[in-house]
Structure formats: C-alpha cells, structure tokens
Amino acid sequence: MPRTNEDPRARRSRAAALTAATELLAEGGPENVTHATVARRAGIGRATVYRHWPDQQTLLIDALADDVRPLLTFDDSPVRDQLMTQMEQMADWLNQPVAVSVIANVVERAERDEDVRRIREEMFGHADEHFAGALASAVARGEFRPGIEEQVREVVSWILGPLLFQRFMLGARLDKDTVISSVDAALAPWLPNA
C-alpha cells in the first residue's frame, strides 16, 4: 500500500522490491517471498525492504495486491474440468504453510483496511462474474440444469468451504481426491439427470 510522502529514491526502491516480490510470488508461491529473497532479486539492501515492510505478512499482502487475480477464470471447455484444475492449483497453494497465515491476515485486515478489503474482493468477490458466464454457457451445452448460473456464490461456497475448513481448521493437507469430492458434491445437484 503506497505511501504518498516518500522521496523519489524510496519510491524507486519500494517499486523494485514490490516487482521482485510479485515475481517471486508467481514463481514459487508465498514461501518464496522473504525479505532476503526480495532484496536479492531487487538489488537492494534487506534493511530497505524491512523499512518498507516491517513483517513478511505485509510484504505478502502488497505482493498479492500487485498481482491480484480473480479466484476463477473460465474458457469454453467443460466447467467441471476447469474447476478441477483451478481447485487443484489452489489446494497446492493452500498446502503451503504460509498460505494459512496469508489468508488469515487478509481476512483479518479486510475488516478494518479498505485496501485489503479491495484485495479480498478482487480475489474472491469477482469470481461470481466469471463463474456465472461460464455456468450459463455450460447450461446451454447441457452440462448442467438451468438455474445453477443463478447460484454462483453458493456453488463456490460449497466447493471452497470444505477445502478451507479441512485445511485451516483441521490442518489436513489437501489432495486431488479431496478436491474431486468437493467439486463433485457442489455440482451433483445440478447435473442434467440429478
């Protein structure tokens, strides 16, 4: 979250560090984003990174904000297949120890910080728009019964809820079978012959 009263050198070092953090996040996930790795990648001192971000969670949140993407994106291929792929990728990320901390931090800070609330909305809130269109196309192709496209938020909750509960509350590692169960349970009521 940018500071407006910094001198140009501080803005440049912050921008370089944020670019480095975003690249490291994309390359190796949250565990790859540390003060040391960001400093090395950006070509600045570790103390400079600490001046901008006193703790790793703040650094990760800003890197997420810089590289925020919608939770779900779709093309014209079968929706179930796309959900499986994207949820398996999410499960891999959620299995990283720091992911628990990042998600908890985003949820907690979003309650009182408008910038973090925007990150949460970008990550999770806009899934509805993309998913509704994909489901409407899937209904037209005969993948699902009509009406599912009006239940987007519920379907996303039925998929993600069990995964998040198992990972964060029970401490279970998510695997492909867990993802399959969660996706299939959420979609089952909407299959053409259900």
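What are the residues in segment 14-30 that are under 18 Å from the mean Cα position of the chain (by Cα) and of a type in the set (A, V, I, L, M, F, W, C), if any?
Matches in segment 14-30: Leu18, Ala21, Leu24, Leu25, Ala26.
In segment 20-96, which helices (runs of 4 or more DSSP H) lie fully inside it and hold 3 or more residues that are more than 25 Å from Leu160 (Cβ to Cβ) and small (Gly, Ala, Ser)?
Details: elements: 35-42, 46-52, 56-66, 79-94.
Filter on segment 20-96 gives 35-42.
Only residues in segment 134-161 that are within 16 Å of Met87 (Cα to Cα) count as the first member; pair them with residues that are among the hydroxyl-bearing types (Ser, Thr, Tyr) and at pLDDT 95 or above, Cβ under 9 angstrom, at least 6 apart or cross-chain, and list the lot.
Filtered contacts from segment 134-161: Trp158/Ser182; Ile159/Ser182; Leu160/Ser182; Gly161/Ser182.
How many of the residues making up segment 143-154 are more than 10 Å from Pro78 (Cα to Cα) and in a loop (DSSP other than H, G, I, E, B)? Please lay out each step first, then the result.
From segment 143-154, those more than 10 Å from Pro78 (Cα to Cα) are 144-154; that's our starting set.
Applying the additional criterion that residues be in a loop (DSSP other than H, G, I, E, B) yields 144-147, 151.
Total meeting the criteria: 5.
Restricting attention to segment 163-184, does a residue exist that is surrounded by 13 or more Cβ atoms within 10 Å (Cβ to Cβ), touching a residue at least 60 places away in the same chain (Cβ under 8 Å) and small (Gly, Ala, Ser)?
yes
Looking only at residues in segment 110-135 that are closer than 18 Å to Ser157 by Cα and modelled with pLDDT of 80 or more, which one is nearest to the chain's Cα centre (by Cα)? Lay out the reasoning, then the answer.
The first filter runs over segment 110-135 and keeps only residues closer than 18 Å to Ser157 by Cα, leaving 120-135.
Pick out the ones that are also modelled with pLDDT of 80 or more and you get 131-135.
On the way: Phe131: 15, Ala132: 19, Gly133: 20, Ala134: 19, Leu135: 21 Å.
Once the filter is applied, the top-ranked residue is Phe131.
Could you give me the residue pairs with C-beta distances under 7 Å whose first residue belongs to segment 32-47 and is assigned by TED's automatic domain parsing to the domain that holds Asp62, whose second residue is not in a helix (DSSP H, G or I) wherever it lies, and which are 6+ apart or on separate chains?
Ala39/Gly45
In this structure, does Thr48 turn out to be at pLDDT below 95 and farther than 30 Å from Thr178 by Cβ?
Answer is yes for this residue.
Sort through Glu143, Glu150 and tell me the only one that's at pLDDT below 95 and of a type outside the set (S, T, N, Q). It would help to see each step written out before you state the result.
Details: Glu143 fails: at pLDDT below 95.
That would be Glu150, the only listed residue that is at pLDDT below 95 and of a type outside the set (S, T, N, Q).
The values are calculated or read from the model by the stated rules, or taken from the named source; none is laboratory data. On a predicted model such as this, the values are computed, not experimentally measured, just so you know. Cβ atoms come from the backbone with ideal geometry, glycine included; neighbour counts cover every protein chain shown.
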